[in-house]
Amino acid sequence: MGIDVFGNCATDLPWSEVAGRNLLINVKDSVIRGLSPSYGHHPPGELIALIDSEDYLEVAVVNGSAAGLLGAQVGDPVQVLFNESE
């Protein structure tokens, strides 16, 4: 995982691999269920997963720092589980 200047946690998993699939994203003992369409769909401070401007999966905090909230560092693993049963 990489971390940008805003504290967003970027992955190298492209949108094409996750589009239309039910996901569970695990980062540093936190679980995010599914992808958000945008930051505006959630209140400030909420941990979300979405597709970034370069079409990759990203973990973020609305109006905050995901890296700060999670204690994440560059290179930490992000586990993405595909739940095909739903």
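Within the stretch 62-82, the only residue that satisfies the criterion of being under 9 Å from the mean Cα position of the chain (by Cα) and under 19 Å from Pro37 (Cβ atoms) is Ala66. Summed over the stretch 13-23, the residues that are in contact with a Gly (Cβ under 8 Å, 6 or more places away or on another chain) and part of a strand (DSSP E or B) give a count of 1. Note on the stretch 25-60: residues that are touching a residue at least 40 places away in the same chain (Cβ under 8 Å), surrounded by 14 or more Cβ atoms within 10 Å (Cβ to Cβ) and of a type in the set (D, E, K, R) total 3. Take the conditions (1) at pLDDT below 95; (2) in a strand (DSSP E or B); (3) out of contact with any Lys or Arg (no Cβ under 9 Å at 6 or more places or on another chain); Glu86 misses just one of them, which is (2). Number of residues in the stretch 1-24 that are of a type in the set (A, V, I, L, M), surrounded by 14 or more Cβ atoms within 10 Å (Cβ to Cβ) and more than 15 Å from Ala67 (Cα to Cα): the value is 4.
Take Leu69 and tell me if it is at pLDDT below 95 and either within 13 Å of Asn8 (Cα to Cα) or not hydroxyl-bearing (Ser, Thr, Tyr) (or both). No: the conditions fail for Leu69.
The values are calculated or read from the model by the stated rules, or taken from the named source; none is laboratory data. From a predicted model like this one, the values you see are computed outputs, not experimental measurements. Neighbour counts run over all protein chains shown; Cβ positions are idealised from the backbone, glycine included.
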